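Step one of this worksheet: look at the structure below.
We did not get these values from a lab; they are worked out from the coordinates using the rules stated. As the structure is a prediction and not an experimental result, all values here were calculated from the model. Every residue, glycine as well, gets a Cβ built from its backbone with ideal geometry; the counts of neighbours run over all protein chains shown.
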Amino acid sequence: MITLSSDFGSPYPAAMRGVVLSQDPETRLVDVAHDLPRQDVRAAAFWTRFVLPEFPPAVHLIVVDPGVGTDRAALVVRAGDHALVAPDNGVVLPPARALADASGGGGRDGGADEDEVEVFEYDYDDPASNTFHGRDVFAPAAAAVHDVGVSEIGALDRISPADEYVDLTLPEAEVAGDVARGEVLAVDDFGNTVTSVDGTFLDGASRVRVNGEETPVGSSFASVPVGGRLVTVGSHGYVECDVNRGRGDEVFGLSVGDEVEITRVE
Amino acid sequence: MITLSSDFGSPYPAAMRGVVLSQDPETRLVDVAHDLPRQDVRAAAFWTRFVLPEFPPAVHLIVVDPGVGTDRAALVVRAGDHALVAPDNGVVLPPARALADASGGGGRDGGADEDEVEVFEYDYDDPASNTFHGRDVFAPAAAAVHDVGVSEIGALDRISPADEYVDLTLPEAEVAGDVARGEVLAVDDFGNTVTSVDGTFLDGASRVRVNGEETPVGSSFASVPVGGRLVTVGSHGYVECDVNRGRGDEVFGLSVGDEVEITRVE
Amino acid sequence: MITLSSDFGSPYPAAMRGVVLSQDPETRLVDVAHDLPRQDVRAAAFWTRFVLPEFPPAVHLIVVDPGVGTDRAALVVRAGDHALVAPDNGVVLPPARALADASGGGGRDGGADEDEVEVFEYDYDDPASNTFHGRDVFAPAAAAVHDVGVSEIGALDRISPADEYVDLTLPEAEVAGDVARGEVLAVDDFGNTVTSVDGTFLDGASRVRVNGEETPVGSSFASVPVGGRLVTVGSHGYVECDVNRGRGDEVFGLSVGDEVEITRVE
């Protein structure tokens, strides 16, 4: 099974599907998303870290690649029973650690057994294009990894341990007493606004201030009237700023990267 | 085979795919749509009623769920050789009746053998989130139904007959002589505007008035010049207000839920 | 394996999936794109010619069909080891020739062995609708072709050699000395603006004028600063007018069909 994540829109992902299927027409392909925020490495890390741990052991192709055509490396990462293939720009590390956690226990980025994350460099030939390495580099690499199997990655011809690579860690909010200071990590298609404040910060709280404005804490969207603001613990495990049947980003006036200060009131 | 319908946009549907494949990596998954009109139960009922009867026997997951996180039940419905899994908000009944019709003969909502539609409640544990029951409740339920098979639904541990549930019937227009009074059920991506007036109303007509404005009846888009208005019988079996290579909704000034009066002129 | 390309948006493609799977639930389905530029036959020809040659032998369904409901024929085309199914409006010929080239060697539209492209007409019954032949005509035709296999197309009951059909060739730019005159063939989701000028025109050039404005030639997006203009050879093999991490169409002021004159400066 190979999962596919990219910011390619359409129809470029189909070229990657074709390349993989040309290597082995029996390969199971599962799309994660191809409308990840464009050329936004951190957003791709956030969403793949969220989604990929739901999958059984698989090869995960992640192509968000603002450096396409430069000499940045191609990485293959083993994470527990999973493998990931991605450009060397940091995108792959957060989901890799989450997959290692999911394989071996532990929480979000928390207790990953570092032995369960091995980073390799994949040596690719001069590609057919300098603008579409998803087709010319990463899809063939994913097909090759899928072919040998995750446990045999090290045996691939073109593989060598990566001496150095770009790392990336998604930010976590600072909590001091009743105040958490963080930022907006993501806004989803519903407008739900995911902050970097861990959901446990809301334990037992019934009201907070979000950047100064009082807001009820709800256990579900429907705990406030239609159109009403709330903060809640979302499915990512973080505090979200949401609106029941509305867009939290618009009502709270928040975008990705904005600072958020949340204060427990009662 | 499990089909997936939701209003989740992207990338949330991938989490549901992962959950199902974690139960059984061999499960065939087929997407219906994940951009159904947001939190619009009636629209989801309309589109799934239209699309699902094209499929061979399958488990159909439908998650349009404005009540997520409340105590609304999760339903499993057997409809002929098919099963459906959805929140208890009415969305599942119109496609279930259509699937029962398709299994046993009969028309759209018309002659469904009610014995062929059995509604069960699915008893779920406290879910991991209150915001994403697609991942935490409905995908696991669909996987469980798929695992036992449609004919054995009643044998599932967590299943019991639903004593009561939210029902929903899509409206049909009233016809009195040469006049049909209905409403707009759906506008598709092309702008084709589907009314609740049954297509048979146009039998033998060559011109009608739509909310007062004369419009030719066409057998196809190309029966009028490019940019021209027409009414025709669409693929859903209803009278549509369309424009050849243009957007009917804009030219007719119609949106979902608007009243439509169609009068046969000749 | 059947690939699916259309301009149907959502959820109509799911009806085609259901129709194919009702014929044979084991059929492998792979989406190419369903958001091809609406009712734009040339764009569909461009994108499918680009993507389909990446695939192993398959049946390729292409439904961009402004003439739906008229008496235009349904075509089945054998191209090397592949088959294509599409309305008779020209869309199918460019990808068919590319697939024949890919099967037998040769370049883009260049050296196709014409014996490797056989065009058949598919005789269909009166369809259930005049607005959705993707469901009522083309999906059943693709399922039938898939069922007999590409090499046995001629043996299908409903098939006969097409005496005449609409042909289409994508335009190629004229080159005279240091000047190439062509047009914009496509703008992708990133805003990269693909011209009809063959990439070889840039061999050895470091600067060009695009419609009078000097622009560097880059080997990759990152060869110019973020936000900077460049021309480069894209993954389609054509000269593209791009912006590093920006939209080339907006910065160059170009849309599909616009004339482009590119002059080598040094």
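Between the alpha-carbon centers of the range C:210-248 and the range A:197-253, tell me the distance in whole angstrom.
44
Helix B:41-51 sits at what angle to the longest principal axis of chain B, using alpha carbons and giving 0 to 90 degrees rounded to 10?
Compared with the principal axis, the helix lies near 80 degrees.
Output the 0 to 90 degree angle, nearest 10, between the alpha-carbon long axis of helix C:12-23 and the longest principal axis computed from the alpha carbons of chain C.
Between helix and principal axis, roughly 40 degrees.
Kindly state, to the nearest 0.05, the FRET efficiency for C:GLU164 paired with A:GLU172, given R0 = 51 Å and r defined as their beta-carbon distance. Don't jump to the answer; show the numbers that get you there.
Working: r = 67 Å, r/R0 = 1.32.
E(calc), rounded to 0.05, equals 0.15.
From the label point of B:ASP71, set 7 Å along Cα to the beta carbon, how far off in nm is each other copy's matching point, shortest first?
So the distances to the same position in the other copies read 6.6, 6.6 nm.
Relative to the other copies, what are the label-point distances for A:GLU152, with labels 7 Å from Cα along the C-beta vector, expressed in nm at one decimal and sorted shortest first?
Copy-to-copy label distances for A:GLU152: 3.5, 3.5 nm.
Calculate the dipole size of chain A relative to its Cα centre from +1 charges on Lys and Arg beta carbons and -1 charges on Asp and Glu beta carbons; express the result in debye to the nearest 20. Intermediate values should be presented prior to the final figure.
Numbers: 18 positive and 47 negative charges, 188 e Å.
The calculation lands at about 900 debye.
With the cut-off at 1.5 for a/c, could you classify the range B:2-161 from its C-alpha gyration tensor as rounded, prolate or oblate?
Numbers: a/c = 1.45, a/b = 1.26, b/c = 1.15.
Rounded is the answer for the range B:2-161, as its axis ratio a/c remains below 1.5.
Output ³J(HN,Hα) for the range B:209-214: one whole-Hz value per residue in order, computed from phi by the Karplus curve 6.51 cos²θ - 1.76 cosθ + 1.60 with θ = phi - 60°, and x for Gly and Pro.
10, 10, 6, x, 9, 5
Choose one of A:VAL184, A:THR263, A:PRO225: the residue whose Cα lies farthest towards the positive end of the charge dipole of the range A:174-264 (beta-carbon charges +1 Lys, Arg; -1 Asp, Glu; about the Cα centre).
A:PRO225
Once Lys and Arg get +1 and Asp and Glu get -1 on their Cβ, which of B:VAL20, C:SER22, A:SER196 lies farthest toward the positive end of the dipole of the protein assembly as shown?
Working it through, the farthest residue towards the positive pole turns out to be A:SER196.
Explain nothing, just the number: dipole magnitude of the protein assembly as shown about its Cα centre with +1 on each Lys and Arg Cβ and -1 on each Asp and Glu Cβ, in debye rounded to the nearest 20.
Numbers: 54 positive and 141 negative charges, 207 e Å.
Value, rounded to 20: 1000 debye.
Quick one: which residues, 5+ away or cross-chain, put their amide H under 5 Å from the amide H of A:ARG28? H built at 1.01 Å from N.
Counting only residues 5 or more places away or on other chains, the set is A:ILE2.
Quick check on the protein assembly as shown: of the DSSP beta bridges with both residues there, what percent are antiparallel, nearest 5%? Write out the running numbers ahead of the final one.
Details: 126 of 165 bridges.
Bridges in the protein assembly as shown are about 75 percent antiparallel.
Rounded to the nearest 500 deg cm²/dmol, what is the calculated helix-only ellipticity per residue at 222 nm for chain C, with -39500 (n - 2.57) per DSSP H run of length n ≥ 4? Before the final figure, lay out the partial values.
Values: 5 runs with 50 residues, N = 266.
Roughly -5500 deg cm²/dmol at 222 nm, from the helical runs in chain C.
Name all residues of the range A:38-71 having a backbone nitrogen under 14 Å from the label point set 7 Å from the Cα of A:ARG28 along its Cα→Cβ direction, giving them as ranges.
Those under the cut-off are A:54-60.
Indicate, rounded to the nearest 5 percent, the antiparallel portion of the DSSP beta bridges found entirely in the range A:1-92. All intermediate terms of the calculation are to be shown ahead of the outcome.
Numbers: 6 of 18 bridges.
Around 35 percent of the beta bridges assigned by DSSP in the range A:1-92 are antiparallel ones.
Would you mind telling me the antiparallel percentage of the DSSP bridges in chain B, rounded to 5? Write out the running numbers ahead of the final one.
Numbers: 42 of 55 bridges.
Among the beta bridges of chain B, antiparallel pairing accounts for roughly 75 percent.
Taking chain B as a Gaussian network, Cα atoms linked when under 10 Å apart, which of B:LEU84, B:LEU185, B:LEU170 shows the biggest mean-square fluctuation?
Ranking B:LEU84, B:LEU185, B:LEU170 by mean-square fluctuation puts B:LEU170 first.
Neighbour counts of other C-beta atoms within 10 Å: give me C:ASP178, B:ASP242 arranged from fewest to most. Write down the numbers at each step before the final one.
Working: C:ASP178 13, B:ASP242 30.
Starting with the residue having the fewest Cβ neighbours, the order is C:ASP178, B:ASP242.
Angle between the Cα long axis of helix A:93-104 and the longest principal axis of chain A, 0 to 90 degrees, nearest 10?
So the helix axis and the longest Cα principal axis differ by about 90 degrees.
Taking other Cβ within 10 Å of each residue's Cβ, how do C:SER235, C:SER255, B:SER103 sort, fewest first?
Values: C:SER235 24, C:SER255 11, B:SER103 17.
So the residues, fewest neighbours to most, are C:SER255, B:SER103, C:SER235.
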